Structures are given as C-alpha cells and as structure tokens.
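The values are calculated or read from the model by the stated rules, or taken from the named source; none is laboratory data. Owing to the predicted nature of the structure, the values given are computational and were not obtained by experimental measurement. Heads up, the Cβs are rebuilt from the backbone with ideal geometry, glycines too, and the neighbour counts pull from every protein chain shown. Remember, those area values only see protein heavy atoms, side chains included, never the ligands or the DNA or RNA. Shrake-Rupley method; radii C 1.70, N 1.55, O 1.52, S 1.80 Å.
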Amino acid sequence: MSLPPVTARIADGVSAIPADQWDACAGSGNPFVSHAFLSALEASGSATAEAGWQPVPIVFDGADGAPAAIAPAYAKSHSQGEYVFDHGWADAWERAGGRYYPKLQIAVPFSPVPGPRLLLRDPAAAPALVAAIEAVTDRHRLSSAHATFIAPDQLPLFEAAGWLVREGVQFHWKNQGYSSFDDFLAALASRKRKAIRRERAAAVEGLTIRHLAGTEITEGHWDAFWTFYQDTGSRKWGRPYLTREFFSLLGWAMGDACLLILAERGGVPIAGALNLIGADTLYGRYWGCSEDVPFLHFELCYYQAIAAAIARGLTTVEAGAQGEHKLARGYVPVPTFSAHYILDANFRRAIADFLERERLAVAHEREFLGEMTPFRASDAPSAGRGA
C-alpha cells in the first residue's frame, strides 16, 4: 500500500513539546511514556546527548496543528541501557566496514517496560509515523532504527511496514482475581507455598516494611534510595544510568504514581524498591540495599509488589528484565517484542536470518520455562502474545 507524502518534524527534546499535547498522544495508562517521566530523564541529565541518549522525538502534526502522533526517539551513540542487546550486530557491521552508530532508538531510556512506542492521538496517523521514522533513518544515513519493548497491540503496525521482529522473555505476575496474598499462595503447589512463607519470614525478621507514595516520600527517602540505587548500578552497569536529580523530579512531577517500598532496621532504611503505578499494572523498576539480608530482594521486589497490586486491584506486576528466579515466586514467562528497520539490504538479510533462528530458540525456552511455574495445574495463568 502506498502512503501519502509524510510531513513530520524532529522536536528539540521532549521538553520542547507542551505536556498536554504530549500526553494527549501518550494517554494515561503507561507512566513511562508520559511527558513527566521522559522530561524528567531529560532535565536531570540522565537521557541527554552527553549520556549517549540524545532526545529527538519525531512528531507528526494533525490538521489542527497539534501533534497527532509522536515517537519517543533517541539518537544513540552506544547500545547501553536498552535491554535488547544488539552489540553483536554492531560489531559485525563495524567489522564489515560499516558505521553502526549513531542509530535511532524508539524507546523509554533505561526501562525494559513494554508499552506504546507510537504515541497516537489519532490512530490513523500510525502508518505515517512509522514512515516518518524510516525517513529520518534514511535521510540521515543511520544504520538502523529500533523500537524496543513494543506493546503487543502495536506490533502489527511495525510488521505491516516490513520491520524485522525480535522476541524475548520477561516474567510477569498475573492477578487471577486474588483477594489477598494468602489467596494467591493458595493457588501454588504446597511445597512452593511453604518455601515462599519461609523466605518471607527470614527476609523481614527484625525489619519494618513501609509503603510510601505521593507526599509521603520525602527528599530524605530519595537520598536513602539513591544510595541503594548507586550500589546496584555500580555492580550491574559500572555506573548508574540515572542522576540523583531524576528522583527528585520524578517525585515532584508524578509522586502519586510512585510506590517506594522500604525496609527499615531501627527506623533507618537499609533497602528499597521503587515501583511506578499504571492504569492496570505495577511496574517494579529499581532496587538496592546497604545491608545484605537473605531473601530481602525477593520480599521487596516481588512479594511486596504482589501484595500492593492485589490491594490496588491491578492485573499485573512487571518486575523488570530477565530473572528466571522469578518463576518460583509466582511470575510467569511472557513474550516481549522489538522491531528493527535496517537500512542496508545485505545487513538486513543477515539479521533476518539470525532472528529466525533466535525466535525458535526463544519459543522453546518460553515453553520450557512455562512448565516450571509453581502453580497447581488448574491455577496456572496463561501467557500468550498479548500477555
């Protein structure tokens, strides 16, 4: 199908677009694509050109002059902070004499959270926005464009344009109408249920667990959490992706969407987990500690998140990327998707071949992992493409 000529523009960052216009496209269901979240990344110095994440949102304006569709796009000079790993692609292209960076990334920086990557006030503008992303890639002779952690309902929009699709696996908790944490435990096999109870008792011995949201979260709490986050970041990535200012801006702009779960010993925080609250999902994002307590990570990041989701009537807990250890804690494997536009035809064919083989391996892995959940056979949640 031929499309009409695309007229789009590249904005000078998220903050260059009025918040009401951005959010009219993004909607209110997923906090990570909100103007508040993305502009906080930008204003805090976390997602900037200097950090290798230059914000270049692509905007398709409607007939009324306001954005009808926006792609949260970044010019990337590396592949860090994406969680869909293409380092091998970059190495192969560079060895072949090509230039892989900069590339175009349609994503939420540092956030392996599935969600819309085409922010649509007018759904009919979706094909034009995808065409605009391709036009930017072509015009600037970039090696590629990548839309990562795409909401399953948007994947067909990229497939229709011929983008290559890559699949992955995450572990999400699904609320089957549970009325309490004990109700959830009742759905598990007896041995797994007992193991979780032992873990929880050991994790919280001598500690107080607090759930804080909105104005309950003070700068002192953010200071404590920043210390925890730095420790985790230095061990996982070498340096933290986010600045201290980001957390203050997050609390100021969208504190009501934040759920900070702290473990305290004698009134002093020793560990914390930060979650964001969406329309139907609790998103676990960052964790850290200043004291090593066995099982405390599982307690704060997984079990407390489940309890909070049940209390709020949320359907899902997404606890971040990777982690087969989540299986034993009631989280089930679900597919994740990314889409890739590769400019060079030969390079595209090589990647398509790789993805076909990888897709089969991922499907087998997901099937295998699905057989390892702790649920009784009659109570196991299902996870399909749209899970």
*Return the long-range amide H neighbours of residue 53 (sequence gap of 5 or more, or a different chain), with a cut-off of under 5 Å between placed amide H atoms.*
48
*asked:* With a 1.4 Å probe and all protein chains left in place, how much of the accessible area of the chain comes from carbon and sulfur atoms, in whole percent?
replied: 52 percent
_the chain - Rg and Dmax from Cα coordinates, angstrom_ = 21.2, 66
*Simple spin-label estimate for residue 195 and residue 367 in nanometres, 7 Å along Cα-Cβ*: 2.4 nm
*Report, ordered by chain and residue number, the lysines lying within cross-link reach of residue 103, taken as a straight Cα distance under 19 Å and ignoring same-chain residues fewer than 8 apart.*
76
*³J(HN,Hα) across segment 101-116 via Karplus (A = 6.51, B = -1.76, C = 1.60, θ = phi - 60°), whole Hz, x for Gly/Pro?*
10, x, 10, 9, 10, 9, 6, 9, x, 6, 9, x, 10, x, x, x
_C-alpha long axis of helix 190-204 to longest principal axis of the chain, angle in °_ = 80 degrees
*In angstroms, what radius of gyration and Dmax does segment 233-318 have, counting Cα atoms only?*
13.4, 37
*Which semi-axis lengths, in whole Å and largest first, follow from the square roots of five times the eigenvalues of the Cα gyration tensor of segment 261-384?*
34, 19, 15
*For segment 92-142, what is the convex hull volume of the alpha-carbon atoms per residue, in Å³?*
111 Å³
_Rounded to 10°, Cα long-axis angle of helix 345-370 versus longest principal axis of the chain_ = 20 degrees
*Roughly what % of Cα-Cα distances in segment 147-211 sit above 13 Å, to the whole percent?*
76 percent
*asked:* If I take every Cα pair under 8 Å that is 6 or more residues apart in the chain, average their sequence separation and divide by the length, what percent do I get for the relative contact order?
replied: 20 percent
*Longest DSSP-loop-exposure-free segment, GluC sites (Glu not before Pro), the chain, at most 15 other Cβ within 10 Å*: 51-204
*May I have the pair-distance distribution P(r) for segment 1-118, computed from all Cα-Cα distances with 10 Å bins from 0 and rounded to whole percent?*
13, 42, 30, 14, 1
*Along Cα→Cβ, 7 Å out, is where each label goes; now give me the distance between the ones at residue 265 and residue 20 in nm to one decimal.*
5.1 nm
